[in-house]
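S.K.: Handing you a structure now.
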Amino acid sequence: MNFTNHKIGIWGTGIVGISALHFFKKEGAVLAVYDNKPLTTTAQAFCQQYNVRVYTPENLDLFLTECDYILPSAGINLKHYHSYKHKFLSEVDIFFSRYKNPIIAVTGTIGKTTVTQSLHTMLTHYGYRPQLGGNIGIGLFDLLEDQANYNYAVLELSSFQLESVEFFSPTIAIWTNLYPNHLDRHGTMHDYFLAKLPIIKNQTADNYALLHESVKPYLHMLNFKSSLHFFGNELPEALRGISELKTYSEHYRILYEVACLLRLDIKQLPTILERIESPEHRVTLIAQINGVDFYDDSKSTIPQATHGALTRFPERPIILFFGGVSKGVSRESFFKKLPANLKHIYLFGAEADILKNYCPLTLSHSEHATLQEAFQACIQKMAPGDVVLFSPGGASFDLFKDYKERGRTFQELAKQCSLTHQNFAHHLK
């Protein structure tokens, strides 16, 4: 894959785009940039310094025609540009062709980031020098320059990143689970499965794949060269007794399996896992106000994640915030499996009116246009001993930039509630 003197188009100037600009510059390529949004300060500075041509939104066809190859952002649905398929490059494939150390790649519907960060922490505790990258917010090309100082790469990869892969073959592939998601882009569950399949499709007999049991039905009649191992949600005996409410049991199970595969000292693992903190916005306790505990689980973007969060509090009354957008996935079935200790559900955002139609008659619920409105109503209803759980079960894009901004907004509302509501204690009586 020699890119010297080829005209390489970078489609999108986010984390991957900036990483790619630096990579292809060192490769000796002629660079071009297209973005339908204004360039960031970083992208503008790079393009000015190296005299990179920037194509404006009305010139997309010209950009696609004039570039020899194009590296698109993973967020772009390339199905609409099939005639240019021969030009599109895969960030994952190019990285794989240049990276010399073993690779652990993680995908799945939920849990990718938690597992990826936890694996990185676990390996570090065991004396490895792992790099972290991918969908977790670090461009893969950024890992190449300094790879000699490390001995592993731990990557989080989304279906958007994997669907264009042709020959990527990680040393260890981890598939955390498979539930309906991103059907607004992939169309069907089968196509969603196929988009993730490249994480194991090209593995060799020397590679290893660790798959959640929810993936197994989709593998029927398919043949693979790597060793496939399946896991469920049961903790192995060696890990029972670890403090709860830090992560899900299947995540610990994955770390245990990887530790066994690498022949690490399992006796050290419980102590190491106790030190691992879950990433932000994942069933995180953010406030305790007058006997009410507030948990931020904004990373919950599908109903299965919310169900998992609800099981954390089997003996306490729960007030749930549920909303966001569905990404083409029906959330009707979510309302058929709700726990008896769910006290009230606040439906908020663009699909609140749709979601209310799924609520059982016996379920106490209310609809609100914004999170702020829902939170103000919640203040009037909660009582000491309650758990207020912000676990939307949908994407954030109706009201927020991303799940992080959504989670920070919820945290700020809880903070303001604690600091400024002079009559807050009165409401809780």
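The values are calculated or read from the model by the stated rules, or taken from the named source; none is laboratory data. Not measured: the values here are computed from a predicted model. Neighbour counts are summed over all protein chains in view; Cβ atoms, including those assigned to glycine, are modelled from backbone coordinates with ideal geometry.
S.K.: So, of the residues in the range 129-138 that are under 23 Å from Y192 (Cα atoms) and either touching a strand residue (DSSP E or B) at 6+ places or on another chain (Cβ under 7 Å) or of a type in the set (F, W, Y) (or both), which turns out to be surrounded by the fewest Cβ atoms within 10 Å (Cβ to Cβ)?
M.R.: I136
S.K.: Conditions: (1) under 30 Å from G394 (Cβ atoms); (2) in contact with a strand residue (DSSP E or B) (Cβ under 6 Å, 6 or more places away or on another chain); (3) free of Cβ contacts under 8 Å to residues at least 24 places away in the same chain. K112 meets all but one. Number of the miss?
M.R.: Status for K112: all satisfied but (3).
S.K.: Out of all the residues in the range 297-314, is one or more in the same structural domain as Y192 (by TED's automatic domain parsing), under 20 Å from Y403 (Cα atoms) and either of a type outside the set (F, W, Y) or touching a helix residue (DSSP H, G or I) at 6+ places or on another chain (Cβ under 7 Å) (or both)?
M.R.: So in the range 297-314, the residues in the same structural domain as Y192 (by TED's automatic domain parsing) come out as none.
Within the range 297-314, not a single residue is in the same structural domain as Y192 (by TED's automatic domain parsing), under 20 Å from Y403 (Cα atoms) and either of a type outside the set (F, W, Y) or touching a helix residue (DSSP H, G or I) at 6+ places or on another chain (Cβ under 7 Å) (or both).
S.K.: So, one more: Of all residues in the range 17-41, count the ones that are assigned to a helix (DSSP H, G or I) and at pLDDT below 95. I'd like the intermediate steps shown before the answer.
M.R.: Looking only at the range 17-41, we keep the residues that are assigned to a helix (DSSP H, G or I), and these are 17-26, 41.
Those still in the list that are at pLDDT below 95 too: 41.
So the answer is 1.
S.K.: Continuing with the same structure: Residues Y84, Y69: which one is surrounded by fewer than 22 Cβ atoms within 10 Å (Cβ to Cβ), in contact with a Leu (Cβ under 6 Å, 6 or more places away or on another chain) and free of Cβ contacts under 8 Å to residues at least 24 places away in the same chain?
M.R.: Y84
S.K.: Failed condition for A45, given (1) surrounded by fewer than 19 Cβ atoms within 10 Å (Cβ to Cβ); (2) free of Cβ contacts under 8 Å to residues at least 40 places away in the same chain; (3) in a loop (DSSP other than H, G, I, E, B); (4) within 30 Å of the chain's Cα centre (by Cα), with all others met?
M.R.: (3)
S.K.: Out of F390, F400, report the one residue that is aromatic (F, W, Y), buried (at least 21 other Cβ atoms within 10 Å of the Cβ) and in the same structural domain as E315 (by TED's automatic domain parsing).
M.R.: Unique residue meeting the criteria: F390.
S.K.: I'd like the residue in the range 348-398 that is in a loop (DSSP other than H, G, I, E, B) and of a type in the set (V, I, T) and, out of all such residues, is farthest from A414 (Cα to Cα).
M.R.: Among those that are in a loop (DSSP other than H, G, I, E, B) and of a type in the set (V, I, T), it is T362.
S.K.: Residue by residue through the range 272-319, note down the ones that are within 22 Å of S396 (Cα to Cα) and of a type in the set (K, R).
M.R.: R282, K299 - these are the residues of the range 272-319 that are within 22 Å of S396 (Cα to Cα) and of a type in the set (K, R).
S.K.: When only residues in the range 290-307 that are surrounded by fewer than 20 Cβ atoms within 10 Å (Cβ to Cβ) and of a type outside the set (S, T, N, Q) count, which is farthest from the chain's Cα centre (by Cα)?
M.R.: G291
S.K.: Looking at (1) farther than 20 Å from I302 by Cα; (2) touching a residue at least 40 places away in the same chain (Cβ under 8 Å), which is the one condition that is false for F224?
M.R.: F224 satisfies all of (1) farther than 20 Å from I302 by Cα; (2) touching a residue at least 40 places away in the same chain (Cβ under 8 Å) except (2).
S.K.: Give me the helices (runs of 4 or more DSSP H) completely within the range 168-278, filtered to those with at least 2 residues that are of a type in the set (A, V, I, L, M), ordered by residue number.
M.R.: 189-196, 198-201, 249-261, 269-275
S.K.: Still on this structure: Within the range 264-273, is even one residue over 22 Å from Y179 (Cβ atoms), of a type in the set (K, R) and at pLDDT 95 or above? If you could, list the steps in order and put the result at the bottom.
M.R.: Taking the range 264-273 and keeping what is over 22 Å from Y179 (Cβ atoms), we get 264-273.
This time we only want the ones that are of a type in the set (K, R), so: 267.
Keeping just the survivors that are at pLDDT 95 or above gives none.
Within the range 264-273, not a single residue is over 22 Å from Y179 (Cβ atoms), of a type in the set (K, R) and at pLDDT 95 or above.
Here's the yes/no breakdown for (1) at pLDDT 95 or above; (2) of a type in the set (D, E); (3) outside the structural domain of I302 (by TED's automatic domain parsing); (4) surrounded by fewer than 20 Cβ atoms within 10 Å (Cβ to Cβ):
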position: T107; (1), (2), (3), (4): yes, no, yes, no
position: I110; (1), (2), (3), (4): no, no, yes, no
position: H120; (1), (2), (3), (4): yes, no, yes, no
position: G127; (1), (2), (3), (4): yes, no, yes, yes
position: Q147; (1), (2), (3), (4): yes, no, yes, yes
position: V154; (1), (2), (3), (4): yes, no, yes, no
position: L157; (1), (2), (3), (4): yes, no, yes, no
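S.K.: So which residues in the range 285-306 are touching a Gly at 6+ places or on another chain (Cβ under 8 Å) and assigned to a strand (DSSP E or B), if there are any at all?
M.R.: V292, D296
S.K.: Hey, can you tell me all the residues within the range 217-240 that are surrounded by 13 or more Cβ atoms within 10 Å (Cβ to Cβ) and closer than 27 Å to T188 by Cα?
M.R.: Y218, L219, F224, K225, S226, L228, F230, F231, N233
S.K.: Continuing with this model, one more query. Give me the pairs: first residue in the range 192-220 and assigned by TED's automatic domain parsing to the domain that holds T171 and at positive phi, second residue surrounded by fewer than 18 Cβ atoms within 10 Å (Cβ to Cβ) and at pLDDT 95 or above, beta-carbon distance under 8 Å, and six or more apart or on different chains, which are they?
M.R.: Partner pairs satisfying both residue conditions: none exist.
S.K.: Considering the range 8-34 alone, what residues qualify as being under 23 Å from I136 (Cβ atoms) and buried (at least 21 other Cβ atoms within 10 Å of the Cβ)?
M.R.: I10, W11, G12, T13, V16, G17, S19, A20, L21, F23, F24, listed by residue number.
S.K.: Still on this structure: Condition first: surrounded by fewer than 17 Cβ atoms within 10 Å (Cβ to Cβ) and aliphatic (A, V, I, L, M). Now tell me which residues in the range 357-386 satisfy that.
M.R.: L361, L363, A369, A377, A383
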